[in-house]
Amino acid sequence: MSAPVVSLAVLPPATACRTHCPYCAYQCGIVMTQPGGGDAWAVAGDPQFPVNNGQLCIKGWSCGELLGNPARLTTPLMRTAAGHLAPAAWGEALDFVADGVRRIRDSHGPAAVGVFGSGALTNEKAYLLGKFARLAVGTPHMDYNGRYCMSSAAGAGNKAFGIDRGLPFPVSDIAAAEVVLLVGANSADTLPPIMQWFDRQKASGGRLIVADPRRTATARAADLHLPLAPGSDLALANGLLFLAIEERLIDEAYIASRTVGFDAVRGTVLAYDPPRVERITGVGEAALRTCVRWLAEAEGAMILTGRGPEQQSKGVDTVLAFINLALALGKVGRPASGFGTLTGQGNGQGGREHGQKADQLPGYRLIEVDAHREHVAKVWGVDPASLPRKGKSAYELLDSLGPEGGIRGLLVMGSNVAVASPHAGNIARRLKSLDLLAVCDSFLNETSAGADVVFPVYQWAEEDGTMTNLEGRVIRRRVVAEPPPGVRGDIDVLRELATRLGAGDKFAFHSAPEVFDEFRRATAGGTADYSGITYDRIDREDGVFWPCPSEDHPGTPRLFADRFHHADGKAKFHAVAHRPAGEEPDADYPLYLTTGRYKEHYNSGAQTRLVGTLVKAQPRPRAQLHPHLAARLGAERGSVLVLETRRGRAEFAADVSHDVRQDTIFVPFHWGGRDAVNLLTNPALDPTSRMPEYKVAAVRVAAVRPPEEAPA
């Protein structure tokens, strides 16, 4: 969606501010103004920011409606003896939470307290939350909702390249690629402004290939659509590499000079001939050959993955299979070429680099590596031995809540885990079994509504800090609006809780810039080195790409031109074989269920379901199914489908469309309660990334009711 041309020079300087959209990892530049001088904010795309160039999606255009929203929390809430949330004083609420943490820790040990973060937090807050968990609480159980989003791509990138950055090149490089293969990413709906680069690519004669079980808005823009079966992406990648070998399309010189391990991969993929791949994926040989020839023969070709191949119990291996293909064709590290993954959450990249994951410390250091522990402990002024070791991953942490699982208290910051988690009914029960649940958020949602204490905190436009977008570009979120009276920042909450827990000297921060100064030192020398990045540089340069190890370093927009990040400088092939999903359709549950997004909503919908413009456009989720399947079921558009998996049941109005496979039902995941598709999804975990399998579950239609019986 294109923005009108806006010249910042003509905007009233007292009311115009450049900042960034609160939603996805594209982090569009926006310009915010108050045209009438009142409380209402107008949002325009920032034509000077080189990522979105003034374009926004419907979520970005309407994000100003979150400011001044009547549902905003402005005072702490505490649960009364009668079971209701009621207003409380800040001191009372902070004391209650700190006392609860101390009581649990004294009785059951620090590991009985968990901390859950978010890919929406700024780098400063993600860093500080991880530090709070390890120092103020002393727990190993710190994780975040990015485990549900980017962890499989991260695991694969680290294995293959020795580093994890979503895009190892600026997004603008897409425009110069002759061919792009987009796997399991509906960017036209999930990252709409990125489509300008695909449009430019096609306008220059380039080709776009989309692999997706659905004929999405993105697939409709493609030159070739590969409508593969859910969960079959790994077989597709191996089948393409089989054909590349068979047709002598691989780059033997590149493989010999820049990689290791290809012989094992060659031996594995030779079992993936076209007939076998067609049986698994449903994609015919002619389309497979066209795809691999286009990729191989292009001077510049990219393979980009999204959540489709990643949110699987074999997500890491699936991403590795596509990396194998890109490496074998000699594309990685060359101009307008390579492999990348399209990060989802606003700070999904930065959020996983700086200590929110159970196995990580700031700078993408690993908590189990002694040298990494020593560096961070020195910055924090503590004994390395005092730092806890690796804790539980996101779903495993939540599945351990309550006396039975051993985690009796939980602090959640910026994540609606009750909606976002797979097997959501199980997580709802686990949350209710806690001795203490405290949540920091700006609004009540399905998670905070069940808390013992809710801390009302700043929104995105009321705080300063840095974010890292999908390119690895570190940008600034700026203060635009005054928060309502009674609201505090997450940094303030962590400082006050740490003080009450006896660690106040380690958390004496009153602003994001103060945190950023320590954060830079903590990342110095790490894989994700931000030590050369300053707020002033970000302002001058419209963001700085990490790694950036010194203030005179230019930053690193493009990785891999000369070497990869393994010690020998070479990329590593990994032999990976297709295996079934954690749950495949069978006689009892004969259909695939897959999930995804609407363009009008974002993740758990905690923000977008408060914006009237977006709710009017998409008020409720619908179950998309093919007309042939609908006819077999006796369903029509608007019929109520009762969907059932081995974990639960939910009801959705039918959306009958030729844009989905005949064996697949698609439902978006932005809603909770009776509209929550995550009541049905499978928590089967990838063995490396611990990513749940959102994209594949076996489902049946237990009943069909006529449209007039649909709930209001």
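The values are calculated or read from the model by the stated rules, or taken from the named source; none is laboratory data. Model, not experiment: these values are computed from the prediction. Virtual Cβ from ideal backbone geometry, glycine too; neighbours counted across all protein chains shown. Note: areas computed on protein heavy atoms with side chains; ligands, DNA, RNA excluded. Shrake-Rupley method; radii C 1.70, N 1.55, O 1.52, S 1.80 Å.
Odds and ends about this structure:
- Global size of the stretch 43-135 as Cα Rg and Dmax, reported in angstrom: 19.5, 56
- Summed over all non-identical Cα pairs, the Kirkwood treatment of the stretch 319-376 gives a radius of 13.6 Å.
- With all protein chains kept in place, the per residue accessible area of the chain amounts to 33 square angstrom at a probe of 1.4 angstrom.
- Take the Cα of residue 217, step 7 Å toward its Cβ, do the same at residue 204, and the gap between the two points is 2.4 nm.
- Here the chain exposes an accessible surface that is 51 percent carbon and sulfur, computed with a 1.4 Å probe and the other protein chains kept in place.
- Solvent exposure ordering (accessible area, 1.4 Å, most first) of 685, 228, 366: 366, 685, 228
- If you look at the Cα atoms of the chain, you get an Rg and a Dmax of 24.4, 73 Å.
- Net charge over other residues, Cβ less than 15 angstrom from the Cβ of residue 556 (K, R count +1; D, E count -1): -4
- What the phi angles of the stretch 464-471 give under the Karplus curve with 6.51, -1.76 and 1.60, with θ = phi - 60°, is a coupling list of 9, x, 10, 10, 10, 7, 5, 8 Hz, glycine and proline written as x.
- Additional length obtainable on full extension of the chain from residue 478 to residue 80, 0.36 nm per residue less Cα span: 139.6 nm
- Database remark: amide H of residue 118 closer than 5 angstrom to the amide H of 145 (H placed geometrically; neighbours at sequence offset of 5 or more, or on other chains; Pro and chain starts carry no H).
- Pair residue 636, residue 224: separation of 7 Å Cα→Cβ label points (nm): 4.1
- Taking a point 7 Å out from the Cα of residue 263 in the direction of its Cβ, the residues of the stretch 568-597 whose backbone N falls within less than 16 Å of it are 573-575.
- Placed amide H near residue 20: partners under 5 Å, 5+ positions off or other chain: 30, 478
- Cβ-based net charge around residue 501, under 14 Å, with every Lys or Arg adding one and every Asp or Glu removing one: +3
- The tail of the calculated P(r) for the stretch 622-666 beyond 11 Å holds 61 percent of all Cα-Cα pairs.
- Within the shell of other residues whose beta carbon sits under 10 angstrom from the beta carbon of residue 344, the net charge comes to +1, with Lys and Arg scored +1 and Asp and Glu -1.
- Viscosity 0.890 mPa s, temperature 25 °C, Stokes-Einstein D of the stretch 563-712 from Kirkwood C-alpha radius, µm²/s: 144
- Backbone N atoms of the stretch 605-620 closer than 19 Å to the 7 Å Cα→Cβ label point of residue 39 belong to residues 610-613.
- Within the chain, percent of DSSP bridges classed antiparallel, to nearest 5: 45
- Stretching residue 538 away from residue 95 to a fully extended chain increases their span by 155.7 nm, per 0.36 nm per residue minus the current alpha-carbon distance.
- Residues whose amide H comes within less than 5 Å of that of residue 360, counting only those at least five positions distant or on another chain, are 367 (H built at 1.01 Å from N in the peptide plane).
- Residue-wise HN-Hα coupling along the stretch 528-544, computed from phi with Karplus coefficients 6.51, -1.76, 1.60 (Hz; x: Gly, Pro): 9, 8, 10, 5, x, 9, 10, 4, 5, 5, 4, 5, 5, 10, 6, x, 10
- Full-stretch length increase - residue 586, residue 246 - with 0.36 nm per residue and alpha-carbon distance subtracted: 119.0 nm
- Per-residue HN-Hα couplings for the stretch 675-690 [Karplus 6.51, -1.76, 1.60; θ = phi - 60°; Hz; x = Gly/Pro]: 9, 8, 5, 6, 5, 9, 6, 9, x, 4, 10, 5, x, 9, 7, 6
- Cα principal axis extents for the stretch 485-631, largest first, Å: 64, 55, 37
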